[in-house]
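Take a look at the structure below.
The values are calculated or read from the model by the stated rules, or taken from the named source; none is laboratory data. Predicted, not measured: the structure shown is a model, and the values here were computed from it. Glycine gets a Cβ as well: all are built from the backbone with ideal geometry, and neighbour counts include every protein chain shown. Just the protein is used for accessible areas: all its heavy atoms, side chains included, with ligands, DNA and RNA removed. Shrake-Rupley method; radii C 1.70, N 1.55, O 1.52, S 1.80 Å.
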Amino acid sequence: MSYKKATHILPPELLEKVQKYIDGETLYIPRISSRKKEWGTATSIRRELRDRNVQIYTDYLAGMPVEKLAEKYFLSLKSIQRIVGRFKKEENR
């Protein structure tokens with residue numbers, strides 16, 4: 001998200017109307033629904049998290065206890081259990 005100067009993009013009469021409601025404060029204007037992107041599509045974070053989770057599951061299958069996995073990956077026990085559970089579920093399909 002980037003900030004734009006309202007004086008550079010809004011017509012003066014519209015800016016005056018907006019100022020009646022919110023004067024000198026920050027205003028978030030959401031995207032049009034059809035232009036919204038899914039989370040993680042603009043960066044590589046989805047792939048990075050998937051790779052990390054695959055490694056967690058690989059370590060789990062190699063016998064590493066969930067407590068050690070939590071320490072190694074700086075995650076809570078619950079997060080490790082959730083990741084392992086998802087992979088087990090995928091295998092059973």
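Assorted remarks:
- Scattering from the range 31-93 was approximated by placing one identical point on each alpha carbon and applying the Debye formula without solvent; log10 I(q)/I(0) at 0.15, 0.21, 0.22 1/Å stands at -0.55, -0.84, -0.89.
- Backbone geometry of the range 59-75 corresponds, through the Karplus equation with coefficients 6.51, -1.76 and 1.60 at θ = phi - 60°, to 3J(HN,Hα) couplings of 4, 4, 5, 7, x, 6, x, 4, 4, 5, 4, 4, 5, 4, 9, 6, 10 Hz, x marking Gly and Pro.
- Tensor-based shape of the range 1-65 (alpha-carbon gyration tensor, a/c under 1.5 rounded, otherwise prolate or oblate): prolate
- Surface share of carbon and sulfur [accessible, 1.4 angstrom probe, percent] for the chain: 54 percent
- Probe 1.4 Å - accessible area at Lys36, Å² to nearest ten: 130 Å²
- Within straight-line reach of Lys72, meaning a Cα separation under 28 Å, sit the following lysines at least 8 residues removed in sequence or on another chain: Lys88, Lys89.
- Whole-Hz couplings from phi, Karplus 6.51/-1.76/1.60, listed for the range 82-90; x for Gly and Pro: 5, 5, 4, x, 4, 5, 4, 4, 5
- Ser34 sits with roughly 110 Å² accessible to a 1.4 Å probe, with DNA, RNA and ligands left out of the calculation.
- DSSP-assigned coil residues among chymotrypsin sites (Phe, Trp or Tyr not before Pro) in the range 53-93, each with at most 14 further Cβ atoms within 10 Å: Phe74
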